[in-house]
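Note sheet for the following structure.
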Number of protein chains: 4
Amino acid sequence: MTTILLTGFDPFGGERTNPSWEAVRRLDGQKLSDGSHIVAAQLPCEFGTALAVLKDRIVQSGAEIVICIGQAGGRAELSLERVAINVDDARIPDNAGAQPIDAAIVEQGPVGYFSSLPIKAIVQSLRDNGIPAAVSQTAGTYVCNHVFYGLMHLAASRPSLRHAGFVHIPYLPEQALAYPGAPSMSLQMTMDGLLIMLETTLSATGDMRITGGSTH
Amino acid sequence: MTTILLTGFDPFGGERTNPSWEAVRRLDGQKLSDGSHIVAAQLPCEFGTALAVLKDRIVQSGAEIVICIGQAGGRAELSLERVAINVDDARIPDNAGAQPIDAAIVEQGPVGYFSSLPIKAIVQSLRDNGIPAAVSQTAGTYVCNHVFYGLMHLAASRPSLRHAGFVHIPYLPEQALAYPGAPSMSLQMTMDGLLIMLETTLSATGDMRITGGSTH
Amino acid sequence: MTTILLTGFDPFGGERTNPSWEAVRRLDGQKLSDGSHIVAAQLPCEFGTALAVLKDRIVQSGAEIVICIGQAGGRAELSLERVAINVDDARIPDNAGAQPIDAAIVEQGPVGYFSSLPIKAIVQSLRDNGIPAAVSQTAGTYVCNHVFYGLMHLAASRPSLRHAGFVHIPYLPEQALAYPGAPSMSLQMTMDGLLIMLETTLSATGDMRITGGSTH
Amino acid sequence: MTTILLTGFDPFGGERTNPSWEAVRRLDGQKLSDGSHIVAAQLPCEFGTALAVLKDRIVQSGAEIVICIGQAGGRAELSLERVAINVDDARIPDNAGAQPIDAAIVEQGPVGYFSSLPIKAIVQSLRDNGIPAAVSQTAGTYVCNHVFYGLMHLAASRPSLRHAGFVHIPYLPEQALAYPGAPSMSLQMTMDGLLIMLETTLSATGDMRITGGSTH
């Protein structure tokens, strides 16, 4: 019976809600089919602080699976992030007003870390269930990538952290009102998708060999 | 107590489903708050035949409000169509293999007809309920516009047809799987949106004066 | 030997340039292969005034072909507009601060007018010359559509006006800098495209029967 | 006086041309303002072989600056790639029919390499010259990323290779005809942009501290 930590973010960029926290908080305490259970945690949308809070929650919960969820306004699909990169480059200030440019997240850290989720199998399961999903080749260079990189850096020295990764999710429909033409996904479908992702992660033995690539 | 005719289309363009009929058929027989009720009808995705079927259903049902619904793959919002134009120009063949080019729908008919739905008020109601919606300035030149134009031409000589119009709806999520990056809307939200549209139409006295325009 | 009036607009919406006038003013006085010549005129981006200026220029020039050009930021292709509709619905104020909503351009005027340019043949010629081009089913509801509708209304009662229509053009590359990801077209290609359009218009006898339609 | 190697690719994915080679081959032999000169080379769009050819050309030319150029159909800007990742994941087969999935480019190689071009300064120079340009956070997982990663891996052990990187460029206008709505860039502007990029690289001492980040 595994403890699974799911995190969502505070609203940022002028938004009043963040679909990642809306979805994650509703899954707090939920049990999966093998008896594993979900612990939900909220992260501030702040460089540095977000990672500090994440580490605390990982230690507190003793989670063996940690998946951070973030909003990707403009995307239409659940995006399974493939890789985190060692750079902060903020197009807009974070919620504490910080706007790092081309700063390393971990000094002397490796350039990147790959997700240790079975991202291809997850995408396949989601699509088998009628939920738009895709592998993404970039988590950006903002707080989401920052947290993703920090998480994978921690996991690299912490074998008990069996699976770790990051998933970007679309706007909620009510958010998309502010962005004419922007795609969205219902809260229910997002939550269903996160549960399918967890079931797939729990049962996977290695990832599937199916393409999830991009030509550019 | 008004009879409302809602129509949806057969699948076309290689699809196995059409969200317009999926939503509309589930609303068949449903009552609105003033006691009005919905009659659902399916139209073939065929030039000419679609209009013949529509006219039959209007006569049979005695509907005073007729709204045709069609799929607009790639759009993220419920699209309240403003205007129908008197031309068929098919980029792909219809379900009977016809592919008219620059043909008048009604010989000597006017170039266009405006919707007689309160489209601005409907968009506002939908958005007030958290449902992405917008006025659209073009219904295209395919079977959707063909039906829309034919409907409005009929309404022009049939005063009992108090409100008539056309609404384009997004892909369902399961359809969007085939189009990477394409937006979608859940069936439930689409159905909720259609009901809100009808309630607004029933209670409206004229349309709202709010912008729904495009610079191009 | 025909006189051809080409018009471009003032910058609007916070822009400092308008590609339509940049292209058109450089073509002033230019001769076509049959000896016809171009007269360029600038229109203010103002409802009403733009049409008044246009009518003056038509009378002054004695033009038999009148094509108005406007900017369509976000489009990647030269857009041959098919239809003008009888409504002003301004999403943003014009350059004089006016923002009409759902106002008729011509009281009691028809709902729409079709372009009298050979739009299919023009698109074909442009593409044969390697220039991205397409038929567009909507010119919007702003000053561009306003001018297009007013022009076609005038042409309807003025047989000497043999061809009239409207073409939307993309941003210039330097404009697109302000809109990350927005497509653009070089000034040279835009100008080349306008000349090809005129040569095709001068030599066309009727339009081509090729599709230029949209499913929605 | 520096030797600069610029590479472009063969056409792929059913295309008959590749804008990267069209631009690069026309710059072969060209001198920069400090007397440096350009050597152009064509790479096959094949995993493995492309890298072998690249290494040969680097050795032959003795280049100290190596920049590989590739086509990114659908992008509107010159894309300065920030990071290469150690994975081949081909959505479509390469020109030799190979379609690797989740294969390391260099076994035991690091997850990623950052470009050693002054990408921020280059973007700024390009934009100062009216050319749409942006930093990109992903070069995909196809042959472009494969070559980019292999190049940076080589550069890591070859100090004489002062600057190395990868740039994605848009379709040419004539290519974009096949993709309705797709953005494009003229060959001349692409070539001008590559020269500006080289001048900036030659004169830069470190990169600029300006944002080029993405929130996701």
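The figures follow:
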quantity: Residues (within 16 Å of B:HIS216 (Cα to Cα) and in contact with a Cys (Cβ under 8 Å, 6 or more places away or on another chain)) located in segment C:38-70; calculated: C:CYS68, C:GLY70
quantity: Pick from segment A:118-135, criterion surrounded by 24 or more Cβ atoms within 10 Å (Cβ to Cβ) and either without any contact (Cβ under 8 Å) to a residue 24 or more places away in the chain or out of contact with any helix residue (DSSP H, G or I) (no Cβ under 6 Å at 6 or more places or on another chain) (or both), ranking: farthest from A:ARG162 (Cα to Cα); calculated: A:VAL123
quantity: Some residue of segment C:126-144 being assigned to a helix (DSSP H, G or I), within 14 Å of chain D (Cβ to nearest Cβ) and out of contact with any Leu (no Cβ under 7 Å at 6 or more places or on another chain); calculated: yes
quantity: Count of segment A:181-216 residues which are away from chain B (no Cβ under 13 Å) and among the small types (Gly, Ala, Ser); calculated: 3
quantity: Selection from segment C:78-100 of residues that are surrounded by fewer than 18 Cβ atoms within 10 Å (Cβ to Cβ) and farther than 13 Å from B:HIS216 by Cα; calculated: C:PRO93, C:ASN95, C:ALA96, C:GLY97, C:ALA98, C:GLN99
quantity: Flag if A:ALA164 is aliphatic (A, V, I, L, M) and in contact with a Leu (Cβ under 6 Å, 6 or more places away or on another chain); calculated: yes
quantity: Selection from segment A:159-206 of residues that are closer than 15 Å to A:ILE67 by Cβ and in contact with a Lys or Arg (Cβ under 7 Å, 6 or more places away or on another chain); calculated: A:HIS168, A:MET191
quantity: Filtered residues of segment C:56-77 (kept if of a type in the set (D, E, K, R), within 14 Å of chain B (Cβ to nearest Cβ) and either surrounded by fewer than 24 Cβ atoms within 10 Å (Cβ to Cβ) or in a strand (DSSP E or B) (or both)); calculated: C:ARG75
quantity: Hits in segment D:78-93 - residues which are part of a loop (DSSP other than H, G, I, E, B), without any contact (Cβ under 8 Å) to a residue 60 or more places away in the chain and either touching a Gly at 6+ places or on another chain (Cβ under 7 Å) or among the polar types (S, T, N, Q) (or both); calculated: D:ASP89, D:ALA90, D:ARG91
quantity: Residues being touching a residue at least 24 places away in the same chain (Cβ under 8 Å), hydrophobic (A, V, I, L, M, F, W, C) and more than 21 Å from B:ILE67 (Cα to Cα) - total across segment B:94-117; calculated: 2
quantity: Count of residues meeting criterion [open to solvent by 20 Å² or more (accessible area, probe 1.4 Å) and either outside any loop (DSSP other than H, G, I, E, B) or basic (Lys, Arg) (or both)] in segment D:4-17; calculated: 1
quantity: Residue check for D:ALA178: more than 8 Å from every other protein chain (Cβ to nearest Cβ) and either of a type in the set (Asp, Glu) or outside any helix (DSSP H, G or I) (or both); calculated: yes
quantity: Residue in segment B:18-41 that is within 14 Å of another protein chain (Cβ to nearest Cβ) and either polar (S, T, N, Q) or more than 16 Å from the chain's Cα centre (by Cα) (or both) present; calculated: yes
quantity: Test: residue in segment B:109-120 that is closer than 26 Å to C:VAL111 by Cα, under 14 Å from the mean Cα position of the chain (by Cα) and in a helix (DSSP H, G or I); calculated: yes
quantity: Residues within segment B:18-55 that are hydroxyl-bearing (Ser, Thr, Tyr), surrounded by 15 or more Cβ atoms within 10 Å (Cβ to Cβ) and not in a helix (DSSP H, G or I), tallied; calculated: 1
quantity: Where B:GLU107 falls short, out of the listed (1) within 14 Å of another protein chain (Cβ to nearest Cβ); (2) open to solvent by 10 Å² or more (accessible area, probe 1.4 Å); calculated: (1)
quantity: Subset tally (residues that are open to solvent by less than 60 Å² (accessible area, probe 1.4 Å), free of Cβ contacts under 8 Å to residues at least 12 places away in the same chain and among the hydrophobic types (A, V, I, L, M, F, W, C)) for segment B:169-200; calculated: 2
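This table checks each residue for (1) surrounded by 24 or more Cβ atoms within 10 Å (Cβ to Cβ); (2) out of contact with any helix residue (DSSP H, G or I) (no Cβ under 9 Å at 6 or more places or on another chain); (3) not in a helix (DSSP H, G or I).
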{"residue": "B:PHE148", "(1), (2), (3)": "yes, yes, no"}
{"residue": "B:ARG158", "(1), (2), (3)": "no, no, yes"}
{"residue": "B:VAL167", "(1), (2), (3)": "yes, no, yes"}
{"residue": "B:LEU202", "(1), (2), (3)": "no, yes, no"}
{"residue": "B:GLY206", "(1), (2), (3)": "no, no, yes"}
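Residue-by-condition table, conditions (1) at pLDDT 95 or above; (2) over 26 Å from D:THR49 (Cα atoms):
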site: D:THR141; (1), (2): yes, no
site: D:HIS146; (1), (2): yes, no
site: D:GLY150; (1), (2): yes, no
site: D:ALA156; (1), (2): yes, no
site: D:TYR171; (1), (2): yes, no
site: D:SER186; (1), (2): yes, yes
site: D:ALA204; (1), (2): no, yes
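The values are calculated or read from the model by the stated rules, or taken from the named source; none is laboratory data. What you are looking at is a predicted structure, and each value in this text was computed from that prediction instead of being measured. Note that we place each Cβ from the backbone using ideal geometry, even for glycine, and neighbour counts take in every protein chain shown. Keep in mind that these areas ignore ligands, DNA and RNA; they rest on the heavy atoms of the full protein, side chains included. Shrake-Rupley method; radii C 1.70, N 1.55, O 1.52, S 1.80 Å.
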